[in-house]
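Have a look at the structure below, then the notes.
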Amino acid sequence: MGLKQNLHKLKEKYEGTKAAPAFNALHTFLYTPNDTTHNGTHIKAVDDLKRTMNTVILALIPLVIFGMFNAGYQHHLAFGDIQAVTGGFFSSEFWTLDNFMIGFWKILPLIIISYGVGLGVEFIFAIIKGHEVEEGYLVTGMLVPLIVPIDIPLWMLSVAVIFGVVIGKEVFGGTGMNILNPALTIRAFLFFAYPTWMSGDKVWVNGAVERSNEIIAGAKVDAISGETLLGTLAQGKEVVYSVWDMFYGFIPGSVGETSTLLILLGGLFLIFSKIGSWRIMLSATLGALAMGLIFNGIADAGWIAEGSKFYTLMSTTFWHHLLIGGFAFGVVYMATDPVTASQTNKGKWIYGFLIGFMSIMIRVFNPAYPEGVMLAILLMNVFAPTIDHYVVQGNVKKRLKRIKVKTT
Amino acid sequence: MGLLSKKDAQLITDPLTDNNPVTIQVLGICSALAITAELEASLVMAISVLFVLSIGNVVISLMRNIIPSKIRIIVQLIVVAALVIVVDLVLKAFAYELSKTLSVFVGLIITNCIIMGRFEAFALANGPWKAFLDGIGNSLGYGVILIIVGFFRELLGSGTLFGIPVLGDPIAKTGLYSIGYENNGFIIMPPMALIVLGIIIWIQRSRNEALIEEH
């Protein structure tokens with residue numbers, strides 16, 4: 001009697017009752033269902049929706065672990081306990097157990113809340129509607145803790161997750177029917193609902209909020225400032241981090257989006273396991289570079305005054321935009337969401353390019369909302385079906401023309 | 001028999017539930033999104049529409065046999081415009097602050113689809129008493145939705161009801177705020193009004209199977 005058999009028995013016991021979908025989901029999440037075909041002419045593939053989701057989660061695990069180390073590192077750095085590391089990606093001062101534990105105890109609750117609340121909503125909907133529990137939340141649940149600031153209050157996260165799953169996904173009919181990426185819907189909700197917890201110079205470093213509360217209460221300690229690079233640039237200040245810091249991810253930011261290096265590796269993994277679309281990733285990068293070059297050109301040509309509030313962001317070296325903020329994370333893990341992205345190959349190029357293009361544009365022109373990639377992806381999610389429609393229509397027209405040439 | 005016959009009573013009760021102008025006919029959405037961030041504004045808007053629609057319906061109903069049908073829209077517009085100006089001036093005289101909050105939306109009652117819709121669909125074909133009841137019913141149906149949306153938006157967005165703090169003081173951190181609660185800034189924005197309205201429609205339709213459209 002293994003776990004599988006027990007689960008199967010539970011499933012049979014609740015067959016036909018209201019809770020059946022819940023037990024069925026547990027069973028198929030862990031094992032291949034018992035009622036698959038065994039003979040005949042069927043081709044069996046193991047990569048169902050759950051396996052696909054699990055592959056993405058696998059690609060996210062390094063980011064979670066890095067995020068935990070980075071949380072502790074940023075905490076110590078901001079409080080002046082340690083000096084900035086200089087020894088490259090593997091320098092031992094960064095990868096300490098102490099750093100990890102600080103991050104672990106901050107990030108674990110985020111993950112638990114995200115999965116607990118999100119899957120709870122999914123189970124409730126499945127039971128009310130009497131259909132199978134949908135797997136869509138498996139990846140979303142892992143993405144959400146990675147794209148929020150580390151100090152976000154847990155109740156806010158719960159409210160946002162309920163909103164994102166219900167309004168972003170369930171009202172459209174569940175997994176596969178949603179127009180907007182649910183994880184980004186959750187982040188956008190947080191962003192507009194509780195802007196003080198989603199931007200500024202306090203929330204990105206563990207403990208900075210507490211410290212500023214102590215100062216308000218009258219404690220005589222130094223204020224902690226841990227601004228993201230985009231926030232710094234939007235205010236026209238100098239960035240103190242080196243390009244390598246940005247690439248390795250030793251910078252403040254949302255929990256899991258700082259390390260461009262690991263995101264790059266995760267992206268390659270997704271491309272080689274044929275889960276993420278390389279067309280979208282590549283075209284988005286090209287789009288961002290194009291927009292960055294245009295802005296650099298404008299700044300170099302002197303069309304914009306140096307005192308302008310856009311100048312600092314505009315004159316940022318164009319490829320630095322790929323390393324800072326959530327751009328890399330958004331493009332690799334969010335824009336490639338197979339449900340909300342364009343489906344046609346030509347459409348993917350257009351969709352990706354515009355995401356990159358708009359991300360940088362929003363970044364530069366809207367200092368109040370420095371994270372352009374979130375808004376750009378949500379915007380292009382809305383346009384993806386339109387792009388597909390015109391790509392397909394264009395194809396139809398081309399073929400009709402070919403028929404006409406042949407028949408005449 | 002009470003004050004109203006059964007048919008007459010239906011003129012008032014139908015628009016409140018199964019034939020609600022906002023949630024079922026989806027009319028008057030523009031103002032429902034724009035002014036429901038505060039409960040007080042919602043209430044005043046509801047009363048204004050009640051006044052304009054019930055009086056307007058009676059006036060149009062009285063004139064229904066003498067209006068040439070070619071110019072009936074213009075006549076209807078003049079009636080609404082006259083009534084809206086009365087409302088606007090009354091608000092400016094007695095509730096200046098509120099009229100500033102409502103700004104152009106009082107003026108835009110003229111273009112509220114519910115009003116023109118009722119004139120066209122009901123007042124032109126029925127007597128003044130029925131038209132009056134129909135006006136009351138429809139504007140109450142509109143007002144109820146406005147007040148529900150306004151209630152949730154003001155409570156969750158500002159922590160107040162009619163401007164009175166009910167959840168504590170966000171600056172001094174009393175009441176709910178002392179345990180870390182914060183106002184939701186998103187719900188004040190128009191997109192959330194649309195979503196709150198959508199949720200009301202969702203609940204209403206899931207409770208009444210007859211309202212679900214075939215597709």
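Quick notes
- Per the listing B:Ile171, B:Ile188, the residue uniquely surrounded by 17 or more Cβ atoms within 10 Å (Cβ to Cβ), within 14 Å of chain A (Cβ to nearest Cβ), part of a loop (DSSP other than H, G, I, E, B) and β-branched (Val, Ile, Thr) is B:Ile188.
- Residue pairs whose Cβ atoms lie under 8 Å apart, separated by 6 or more positions or on different chains, with the first residue in the stretch A:152-167 and facing chain B (nearest Cβ under 10 Å) and crowded, with 21+ Cβ neighbours inside 10 Å and the second in a helix (DSSP H, G or I) and charged (D, E, K, R), are A:Ala160/A:Arg187.
- Matching residues, the stretch B:68-104, being of a type in the set (Asp, Glu) and surrounded by 13 or more Cβ atoms within 10 Å (Cβ to Cβ): B:Asp88
The rows are residues; the columns are (1) more than 22 Å from the chain's Cα centre (by Cα); (2) of a type in the set (Lys, Arg).
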| residue | (1), (2) |
| --- | --- |
| A:Gly80 | yes, no |
| A:Gln83 | yes, no |
| A:Thr86 | yes, no |
| A:Phe94 | yes, no |
| A:Asn99 | yes, no |
| A:Gly103 | no, no |
| A:Lys106 | no, yes |
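- Here the condition is being of a type in the set (D, E, K, R) and in a loop (DSSP other than H, G, I, E, B); of A:Glu122, A:Glu93, it holds for A:Glu93 alone.
- Selection status of A:Ile112, β-branched (Val, Ile, Thr) and surrounded by fewer than 21 Cβ atoms within 10 Å (Cβ to Cβ): yes
- Considering residues of the stretch A:168-197 that are crowded, with 20+ Cβ neighbours inside 10 Å and in contact with a Phe, Trp or Tyr (Cβ under 6 Å, 6 or more places away or on another chain) only, the residue nearest to A:Ala328 (Cα to Cα): A:Phe189
- Residues of the stretch B:105-125 satisfying the condition of being in a helix (DSSP H, G or I), surrounded by 14 or more Cβ atoms within 10 Å (Cβ to Cβ) and hydrophobic (A, V, I, L, M, F, W, C): B:Phe105, B:Val106, B:Leu108, B:Ile109, B:Ile110, B:Cys113, B:Ile114, B:Ile115, B:Met116, B:Phe119, B:Ala123, B:Leu124
- Test: B:Leu62 is touching a residue at least 12 places away in the same chain (Cβ under 8 Å) and closer than 17 Å to B:Pro15 by Cα: no
- Top-ranked residue in the stretch A:316-338 [being of a type outside the set (A, V, I, L, M, F, W, C) and buried (at least 18 other Cβ atoms within 10 Å of the Cβ); ranked as farthest from A:Arg187 (Cα to Cα)]: A:Thr316
- Condition met for A:Ile304 (surrounded by 14 or more Cβ atoms within 10 Å (Cβ to Cβ) and without any contact (Cβ under 8 Å) to a residue 12 or more places away in the chain): yes
- Single match in A:Val139, A:Val121, A:Val148 (criterion: within 27 Å of A:Gly200 (Cα to Cα) and either more than 14 Å from every other protein chain (Cβ to nearest Cβ) or of a type in the set (Ser, Thr, Tyr) (or both)): A:Val148
- Among the conditions (1) within 14 Å of another protein chain (Cβ to nearest Cβ); (2) out of contact with any Gly (no Cβ under 9 Å at 6 or more places or on another chain), B:Lys130 misses just one, which is (1).
- Some residue of the stretch B:149-160 being away from every other protein chain (no Cβ under 12 Å), in a helix (DSSP H, G or I) and aliphatic (A, V, I, L, M): yes
- Top-ranked residue of the stretch A:339-362 - restricted to ones that are out of contact with any Ser or Thr (no Cβ under 9 Å at 6 or more places or on another chain), surrounded by fewer than 22 Cβ atoms within 10 Å (Cβ to Cβ) and β-branched (Val, Ile, Thr), ranked as nearest to A:Ala288 (Cα to Cα): A:Ile362
- B:Ile201 within 12 Å of chain A (Cβ to nearest Cβ), surrounded by 11 or more Cβ atoms within 10 Å (Cβ to Cβ), assigned to a helix (DSSP H, G or I) and among the β-branched types (Val, Ile, Thr): yes
- Residue list for the stretch A:180-202, restricted to those being of a type in the set (A, V, I, L, M, F, W, C) and away from chain B (no Cβ under 14 Å): A:Ala183, A:Leu184
- Any hit, the stretch A:123-143, residues being within 24 Å of the chain's Cα centre (by Cα) and among the basic types (Lys, Arg): no
Laboratory data are not the source of any read-out in this text; all were calculated from the coordinates shown. These numbers come from a predicted model, not from an experiment. Note that we place each Cβ from the backbone using ideal geometry, even for glycine, and neighbour counts take in every protein chain shown.
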